[in-house]
Amino acid sequence: MAAEGGVGGSDESFISFAFAVTSVILIALYIPWMVGTGRRVMLYYQSTKKEQASTSNPLNEMYDSVAYIPRVLYTMWKDPAAIVAGAKVCVAEKVFFLRCVMPKFLKFVIRPRILVPILWFVLLTSAMYASLTFDPYAVLGLPSSASTAEVKKTYRALSKRFHPDHNKTEGARELYMQMRRAYRALVDRQAFEEEELKNVQEFSVGVALPRFLTSREHDSLVLFSLLALLIATPIFVWYKFTNDKKVPRLLWHVRFDKERVEHFMQHFGVPVDGKYAARRASRHAILRTLIALNIVPPNVREDVVSAFPPLPDFVQRCVEAERNATLFRNLGLDEKAVAALQAYMAVNGVALVDEYEAANPHMNDDPKADDFQRIPLSAYRATRYLFQQHTVQVDGALAELQVAMGGNLPSAKKLLNIHAEIYDLLDMVYLRNDKANKQLVLKLIAMPQRVSDIVDAIEPEMQLVYHRYYKNYVTQIQQQQRAARAGHANQR
């Protein structure tokens, strides 16, 4: 056992050891936090009312943090239909769930101030259970009415089978230690209590590990796990501190907004704009064709073809490539790419257009507010909450991009305003009117198109900002060089 010093293989001693370590970590986590919080509370109540109005009350923050999970559980109990509706949205939007909902959930749960108390409570209950459920009679396989003579007789018989000198297996060793403990508890209570006290006193010199780690049967698996940990840890640390891709990561979150707004509008019962859907389908078809012909790489983004004409028009122009050379030059396509497109469209163009028109029968129809499908209020609340998780993520990325670009991104501000407008429109449709207002519904129908146009404009604006910074930098260097040359001329 761990109490004998060195490395032991007892699950009970491991639980005790883990509980002690977790208790120390818990104290180390919460004492500085409590001191810091107490200081903030004191400073808050010592400040003037004007200063208090511009800051948040630390006690309210503590209450919100403690009451968050109970509030969530109460909401789930009060409106179970919303949970079902939210689950349906998550199942339908698996990519959104994995990219947005799950990371936020894990980030909230896997926090030291939440995870460590939970782990401490689990270990405490496990240690108490192991202590309270120790039944020496059950360990020896005897009824509780067994006499001392029967206990001694049974113990001698079991010792011959499971003593480490006769049975070399790991399970026999552990069983023998439990048998000896049970025997002393029944025959020599004073020796049992002295040994238990000695185990507690000597616990600090032993390292308790679970049987799984000390058993010789699992040496290869334990060695492989340790080796993987030793290799993965430095790689993770190196990647975390050297991989500086902040702006591309923020742009990735922003680009995700186009698809999510379009999908969530449908979950809210908002009709699809046929013209916008046809425009997206046209882009996808053109991009697939360019990738199939190796004109663009497979991982290229959709906005590469944002300036291309609609698919039927593009097919016709490809067939008549000689008459549209200027268009292809403006689109950035060289002669080899144009020749490949012309040959491909001459054979497959008609089928491609027929497939596109069959998939978008309403591409020329104006959107109709009468097609609005009102969802239940509980489903609206759940869907709105999930959509809010997405927009909060995008709004945070936009705010960081604004800082990185020096506040020179007008489209970022427009996208932030559109998100707020979407919520206002949804609330007016669902919470303030029993019957949907057609004008409001038409505005919601137009939202995916507006969001897509603004998202497509953000990167060109960033390129202009970079170009402006570079031009200013070059101008500054040239001025410094001219000033240095003028200084040398004056010295002569």
Exercise. If packing is taken as the mean number of other Cβ atoms within 10 Å per residue, what is the order of 287-295, 427-435, highest first?
Worked result: 287-295, 427-435
Problem set entry | Dipole magnitude of the range 274-359, debye to nearest 20 (Cβ charges: Lys/Arg +1, Asp/Glu -1, about Cα centre) | 260 debye
Exercise. Just the accessible area for Ile114, please: 1.4 Å probe, Å², rounded to the nearest 10?
Worked result: 40 Å²
Exercise. For the range 274-359, which whole-number percentage of the solvent-accessible area (1.4 Å probe, protein heavy atoms only) is attributable to carbon and sulfur atoms?
Worked result: 53 percent
For this session: Using the structure shown, select from Lys275/Lys443; Lys368/Lys435; Lys258/Lys413; Lys88/Lys275 the pairs with a Cα to Cα distance greater than 19 angstrom.
Result: Lys88/Lys275
For this session: Under 28 Å Cα to Cα from Lys152, which lysines show up? Leave out anything in the same chain fewer than 8 places away.
Result: Lys160, Lys168, Lys198
Exercise. If you roll a 1.4 Å probe over the heavy atoms of the protein chains, what accessible area per residue do you get for the range 274-359, in Å²?
Worked result: 56 Å²
Seminar exercise, completed: For the range 274-359, averaging the sequence separation of alpha carbon pairs under 8 Å that lie six or more residues apart and dividing by its residue count, the contact order in percent is 30 percent
Exercise. In whole angstrom, how far apart do the alpha carbon centroids of the range 68-82 and the range 303-350 sit?
Worked result: 55 Å
Problem set entry | Accessible heavy-atom area order of Tyr466, Tyr30, highest first, probe of 1.4 Å | Tyr466, Tyr30
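The values are calculated or read from the model by the stated rules, or taken from the named source; none is laboratory data. Not measured: the values here are computed from a predicted model. Don't worry about glycine lacking a Cβ; one is built from the backbone with ideal geometry, like all the others, and counts go over all protein chains shown. Just the protein is used for accessible areas: all its heavy atoms, side chains included, with ligands, DNA and RNA removed. Shrake-Rupley method; radii C 1.70, N 1.55, O 1.52, S 1.80 Å.
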